[in-house]
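To start, the structure under review is shown below, and the notes come after it.
The values are calculated or read from the model by the stated rules, or taken from the named source; none is laboratory data. Everything quoted here is computed from the prediction, not taken from an experiment. Don't worry about glycine lacking a Cβ; one is built from the backbone with ideal geometry, like all the others, and counts go over all protein chains shown. Ligands, DNA and RNA are excluded from the accessible area calculation, which covers all protein heavy atoms including side chains. Shrake-Rupley method; radii C 1.70, N 1.55, O 1.52, S 1.80 Å.
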Amino acid sequence: LEDAERLQELTTDLLLLARLDADALDKQDTVDLTAVAHREVSRRAMVTLEADDQVLVPGRRAQLSRLLGNLLDNAERHATSTVTVRLRGGPSAVLEVTDDGPGIPLQDRERVFDRFTRLDDARTRDAGGAGLGLAIARLIASRQQGTLEAAYTAEFRGIRFVATLPTRAPASAAKVST
């Protein structure tokens, strides 16, 4: 049963990648990224959220939720005790997911976004996925005209993923998806 579930998750991820590669995305709505972040964080035990009140971005709520969910799955898998999500608005929305785990070596910080890439400490079936989560997250960010990078700062031990997405002004948002 576990193998069947794992294959189903892998198939779902591969289908999403194919859809994103084909650029077959539905029309974009205005999404309240703060509401998406609150929903994703509320499902997890060790995650804290620091967010601006309402950060509106163009996109699809389900895909933005998947982007954050994949980053959180990765962070929780590698964190020692703490995962922090920070969301700031402005000319661009900046979404940061930080964990206090072992971090990612400098030479691997770009490679982790390649499909099927799993670093040595994540190669067991029990501890890691298929190596598609970060690739999917980056592709979603890219399809939203944004970026996703792995960054290091001396402030903490671990890694910080930073997604930057264009924002949409509240006045132009007739229908906001939360």
Residue check for R168: at pLDDT below 85, on the phi < 0 side of the Ramachandran plot and either over 15 Å from the mean Cα position of the chain (by Cα) or basic (K, R) (or both): yes
Residue hits (the stretch 76-97; buried (at least 23 other Cβ atoms within 10 Å of the Cβ) and either aromatic (F, W, Y) or over 18 Å from T147 (Cβ atoms) (or both)) are V83
Which number in (1) at pLDDT 70 or above; (2) within 16 Å of Q144 (Cα to Cα) marks the one condition that L16 misses? (1)
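Okay, residues lined up against (1) among the small types (G, A, S); (2) under 15 Å from the mean Cα position of the chain (by Cα); (3) at pLDDT 90 or above; (4) open to solvent by 70 Å² or more (accessible area, probe 1.4 Å):
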residue: A24; (1), (2), (3), (4): yes, no, no, no
residue: D29; (1), (2), (3), (4): no, no, no, no
residue: E40; (1), (2), (3), (4): no, yes, yes, no
residue: V47; (1), (2), (3), (4): no, yes, yes, no
residue: P58; (1), (2), (3), (4): no, no, yes, no
residue: D73; (1), (2), (3), (4): no, yes, yes, no
